[in-house]
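Peer 1: Quick one: structure below, then a few questions.
The values are calculated or read from the model by the stated rules, or taken from the named source; none is laboratory data. In this text the structure is predicted, and so the values were computed from the model without any measurement. Here the Cβ positions follow ideal geometry from the backbone for every residue, glycine too, while neighbour counts run over all protein chains shown. Calculation scope for accessible area: heavy atoms of the full protein, side chains included, ligands and nucleic acids excluded. Shrake-Rupley method; radii C 1.70, N 1.55, O 1.52, S 1.80 Å.
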Amino acid sequence: MEYVEIAIPVPLKRTFTYSVPDGVEARVGSLAVLPFGHRTMTGIVMGASSSRGNVKIKNIIEVLHSAPVFSQKMVDLLKWIADYYCAPIGEVCKAALPLEFSRRTKKKREVMPKDTIIDDVFLSAPEFKLKDSQAKAYETLKSEVRSQKFGTTLLHGITGSGKTEVYLRLFEDVLKTGKEAIFLVPEIGLTPQVLGRLTARFGDLIAISHSGLTPAKRAYEWKRMQDGSAKIVIGTRSAIFAPFKNLGIIVVDEEHDSSYKQDESPRYNGRDVAVMRAKMENIPCVLGSATPSIESFANAKNGKYHYLHLPDRPTGALLPDVDVVDMREVNAGSVLSPQLIGAIGEALTRKEQTMLFLNKRGFASFILCQECGHTYTCPNCNITLTYHKHENTLLCHYCDYKTPPPQKCEKCGSSRVIPLGTGTEKIETELKNYFPKAKVERLDRDTTTKVGVRPKILSNMKQGSTDILIGTQMITKGHDFPNVTLVGVIDADMSLNFPDFRAPERTFQLVTQVAGRSGRANRKGTVIVQTFMPEHYAIAAAQTHDFFRFFDEEMPARRELGYPPFGRLALIRIQGLKEKMVETSAKDLFRKLSTINYKPLTVLGPAPAPLAKVRGKFRWHILIRSGDIKAVRQMIDRVAECESGLPKGIKVIVDVDPINML
Ligand code: ADP
Ligand code: ZN
Ligand code: ZN
């Protein structure tokens, strides 16, 4: 009898032993149907088992698909992810496979039309000669592609410096050698331009992978990659699991973007997994960004990554002037400074476009009783409800709880309840007052719930029929609208005041990225940044587009606190429905952890999480920090041991290399 270890998508950090009946071939990476408890489930064959002849071992029922769904290399990668991120291996496998997993599959219709929705305005395949630094970067990377050896390169190029053009040429080279390419982007729905450029050049060889696709479409694209009819995948983080057999390069664009990190189990970072996959496949990996993460730039400085710099734009377009408006000097209560209003007016007169950024949707960020100071918070989450005027509702942005706005204060009965704070909806209303003739559009989650609306708003913008586009972070990424000459950042402090050590980094990235949307063509752009903290180094460095200055100012702060890249972190979240029980459990866990003396390692906390309650669950944090990842790992093992002693109803979540500190 042959025995195999199977990964089953259940939240347990182990595999399960099964026997393989005669006549069934269970190769590593195969998808197998099996009895699990009283259910029939599917799982992945991870390898041979050393167990022998245990009576309790059950038979596999059958193996699905004629070939394994994961290669041996991919199985190794999945094991690494499960181990490194302390995630159940079955959940990792499930995250990596967009095929029907937990039920038996029926034979589905195999043919599906390609239904990519790209507006024609985005289809373009211009031919041009690479500019000096671009050509040098390309040649260097090309020789890495030729040599097919592992190495990670940070391609640091300012916004519009032609990074995408370099990637596209590398893909051409890779394809010529009969190999395949993975192209990770933070959010695909937002970048029809890039999709258009890829499609124009590579047509049907492109596969698309992101969570917005229907399961059938995802499975269809996955099969096109597996059978070799697609050669390049463009997709969000899970595209790193593309089932290519002959991978030649991995490119991670906007490598600093926090959306590469998955916020649920398995909590992997697509960028870091990309580097690991490239290492296992022995191929080059390119990380591109105009605003590299502090970690990646530090890796470039210490020689772990190669470094290539694109300091200017091949189109000759200059970076915009950034004017910082000190909001302390603007009338209290105005959300749009006279400077910004003036600049918008001028842009309208010149028939040029404006983009305004505010990372808060809705009309007012909270409702306040002027009599007693009461604010309205979500009953499930410890945060204020946002007022949405169009729908006339108070809404929780974390759990979607809705309630009608109050006529009277629920606490003191006063009718002096007023909406305060700003959201994109309010800016839209104000703009319509100031500029009644202007065509204003808004791009945020409220305006894009319907399929097809988002691409429409973007193509209206591209075609120039929109004068002013206001939006949340949806407008910051990757867009190339040549007629935009003014960008306004309405409230730079919103990200700066976040209770997170990466707040300055996020702010620098955000301002630099949105600024990069202004003046992409032959007219110089302007950026207006509104802030109460104009002297903050993140703002000052963004004002001069000076990444190096930002890095130099940020590093000492990180060093002092032992944060990345100087220390490695694991965030332990203790959560549950009962507040007191969560607190006691967190303190209990902390006490047990602090009896151990792994040096050099610090256990910080326990403390209520900055978001102390979300969706009805209370949250406490313990932070493990060390310069030595091995010490962090040892401590995590201890967490797993101590976890079993905690009361039922308490969940302990381990987040290795956390990005979301809330
Ligand atoms: P990035 O990815 O760094 O933002 P892109 O590759 O999108 O930059 O290039 C920015 C703009 O410059 C695009 O409109 C692109 O078509 C154009 N471009 C890129 N390389 C060249 C070049 N060598 N000559 C002329 N235009 C170029
Ligand atoms: Zn009141
Ligand atoms: Zn809520």
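Peer 1: Please list, in chain and number order, the residues 5+ apart from F36 or on another chain whose amide H is under 5 Å from its amide H, with Hs placed from the backbone.
Peer 2: M41
Peer 1: Please go through region 302-365 and write out the trypsin sites (Lys or Arg not before Pro) that DSSP classes as loop and that have at most 15 other C-beta atoms within 10 Å.
Peer 2: K304, R350, K351
Peer 1: Based on DSSP, what percent of beta bridges with both residues in the chain are antiparallel, to the nearest 5?
Peer 2: Just about 50 percent of them are antiparallel.
Peer 1: Further question: After finding the eigenvalues of the alpha carbon gyration tensor for region 517-633, what semi-axes result from the square roots of 5 times each, listed largest first in whole Å?
Peer 2: Over the Cα atoms of region 517-633, the ellipsoid semi-axes are 39, 21, 11 Å.
Peer 1: May I pose another question? Out of residues 5 or more away from F435 or on other chains, whose amide H comes under 5 Å of its own, with H placed 1.01 Å from N in the peptide plane?
Peer 2: none
Peer 1: Taking Cα pairs under 8 Å and at least six residues apart, what relative contact order does region 2-102 come out at, in percent?
Peer 2: Here the relative contact order equals 36 percent.
Peer 1: Right, next: Pairs of alpha-carbon atoms within less than 8 angstrom and 6+ residues apart define the contacts here; what relative contact order does region 120-310 have, in percent?
Peer 2: This gives 34 percent for region 120-310.
Peer 1: Sorted by accessible area with a 1.4 angstrom probe, largest first, how do T214, T449 fall?
Peer 2: T449, T214
Peer 1: If you don't mind, there's one more thing I want to ask. Quick one: which of K58/K279; K456/K617; K129/K149; K217/K426; K279/K599 span more than 32 angstrom between C-alpha atoms?
Peer 2: Checking Cα-Cα distances, K58/K279; K456/K617; K217/K426 exceed 32 Å.
Peer 1: Give me Rg/Rg_expected for region 121-185, where Rg uses Cα atoms only and Rg_expected = 2.2 N^0.38 Å with N residues.
Peer 2: Rounded to two decimals, the normalised Rg is 1.15.
Peer 1: Shifting gears a bit: Please list 3J(HN,Hα) in residue order for region 646-653, calculated via the Karplus relation 6.51 cos²θ - 1.76 cosθ + 1.60 where θ = phi - 60°; whole Hz, with x for glycine and proline.
Peer 2: 7, x, 4, x, 9, 10, 10, 10
Peer 1: Now for a separate question. How do Y167, Y84 rank by accessible surface area computed with a 1.4 Å probe, from largest to smallest?
Peer 2: The most accessible residue leads, giving Y84, Y167.
Peer 1: With a cut-off of 8 Å between alpha carbons and a minimum separation of six or more residues, what is the relative contact order of the chain in percent?
Peer 2: 11 percent
Peer 1: Still on this structure, please answer the following. Given N residues in region 568-656, what is its alpha carbon radius of gyration divided by 2.2 N^0.38 Å?
Peer 2: 1.02
Peer 1: Under a 1.4 angstrom probe, counting protein chains only, how are I418, I636 ranked by accessible area, largest first?
Peer 2: These residues rank, largest area first, as I418, I636.
Peer 1: Another question, then. In vacuo Debye scattering of region 2-102, one point per C-alpha: log10 I(q)/I(0) at q = 0.15, 0.17, 0.18, 0.23 Å⁻¹?
Peer 2: -0.53, -0.69, -0.77, -1.28
Peer 1: Further question: For the chain, can you list the cysteines whose C-beta has no other cysteine C-beta under 4.7 Å from it?
Peer 2: Isolated Cys, the chain: C86, C93, C285, C399, C642.
Peer 1: Here's something else I'd like to know. Using a 1.4 angstrom probe, figure out how much accessible area the chain has per residue, in square angstrom, rounded to the nearest whole.
Peer 2: So the chain comes to 44 Å² accessible per residue, rounded to a whole number.
Peer 1: Mind listing the Cα extents of region 229-362 along all three principal axes, in Å, largest one first?
Peer 2: Principal axes ranked by extent give 59, 39, 38 Å for the Cα atoms.
Peer 1: Could you tell me what a quarter of the Cα convex hull surface of region 591-642 works out to, in nm² with one decimal place?
Peer 2: 4.1 nm²
Peer 1: So which GluC sites (Glu not before Pro) in region 508-604 are both in a DSSP loop and have at most 10 other Cβ atoms within 10 Å of their Cβ?
Peer 2: Passing sites in region 508-604 are E535.
Peer 1: Right, next: Around S465, under 10 Å between beta carbons, what's the net of Lys plus Arg minus Asp minus Glu among the other residues?
Peer 2: Here the charged neighbours net out to 0.
Peer 1: Mind pulling up the Rg/Rh value for region 120-310? Radius of gyration and Kirkwood radius, both on Cα.
Peer 2: 0.93
Peer 1: Now for a different question. Per residue, what volume in Å³ does the convex hull of the Cα atoms of the chain enclose?
Peer 2: It is 176 Å³ per residue.
Peer 1: If one computes P(r) from the Cα atoms of region 437-592, what percent of pairs lie at distances over 28 Å?
Peer 2: So the pairs more than 28 Å apart make up 41 percent of the total in region 437-592.
Peer 1: Could you compute how much accessible surface S259 exposes when probed at 1.4 Å, giving the result in Å² to the nearest 10?
Peer 2: Taking all protein chains as shown, S259 has close to 40 Å².
Peer 1: Just in region 28-92: which trypsin sites (Lys or Arg not before Pro) are loop by DSSP and have at most 11 other Cβ atoms within 10 Å?
Peer 2: Of the trypsin sites (Lys or Arg not before Pro), the ones in loops of region 28-92 whose Cβ has at most 11 other Cβ atoms within 10 Å are R52, K56.
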